[in-house]
Amino acid sequence: MENTLFRGMQLFGEGAAEGGAEGPGEATAEEAPREQAQDPELRRQELARRQMDLWESQAQAARQLYPRLDLNAEARDPRFRQLLGAGVEVGDAYLVLHKDEILPAAMRRAAQEVERRLTGRLMAGDVRPPENGIGPQSTAVTRTDVSQLTRADREDIRRRAARGEKIRF
């Protein structure tokens with residue numbers, strides 16, 4: 001794994017060496033800076049190795065959300081390497097490049113989960129679909145019976161008719 005990843009990520013080696021991060025080598029703490037200063041290639045390789053370790057740990061964490069994430073396969077994609085080189089974390093870079101696959105799959109899973117829960121609740125009797133005629137709105141159409149109008153109702157109708165309103169029974 002490291003060989004493929006290392007070859008794919010070598011372009012970050014020079015940039016990482018400029019960052020100033022130091023790491024312990026085989027020598028003592030006092031000898032390490034002197035040794036690294038003498039051999040910039042060793043320093044570059046150490047920094048590249050540290051960066052790859054960081055990306056691998058990020059990839060392991062991202063696999064909790066994206067089980068299909070394969071860091072070696074992604075390292076072959078120049079867009080993925082460019083995102084990592086810009087400081088984007090592995091999981092975020094994977095999401096950016098695979099959003100067209102990930103988002104529809106996540107939406108399908110969410111819809112299936114909602115359907116499963118709703119079906120379970122309906123079967124358990126917790127939630128029943130509304131039945132006709134039970135709600136506060138009646139579906140029956142009723143008409144006013146003119147013979148049942150009170151004196152106040154008839155006066156109200158006369159006033160409305162005088163203002164031009166059409167009255168229908």
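Coordinate-derived values only; no laboratory data. Since we're looking at a predicted model, the values are computed, not measured. Positions of Cβ are backbone-derived with ideal geometry, glycine not excepted, and every protein chain shown enters the neighbour counts.
The phi torsions of the range 70-76, fed into the Karplus equation with coefficients 6.51, -1.76 and 1.60 and a -60° offset, translate into couplings of 10, 4, 5, 5, 5, 5, 6 Hz, rounded to whole numbers, with Gly and Pro shown as x. The packing ranking of peptides 104-115, 87-98, highest mean first, is 87-98, 104-115, where packing means the average number of other beta carbon atoms within 10 angstrom of each residue. Couplings for the range 80-87, taken from phi via the Karplus curve 6.51 cos²θ - 1.76 cosθ + 1.60 with θ = phi - 60°, read 5, 4, 5, 5, 5, x, 7, x Hz in order; Gly and Pro are left as x. Sequence-ordered 3J(HN,Hα) estimates for the range 152-157 from the Karplus curve with 6.51, -1.76 and 1.60 and θ = phi - 60° stand at 5, 4, 5, 5, 4, 5 Hz, glycine and proline given as x.
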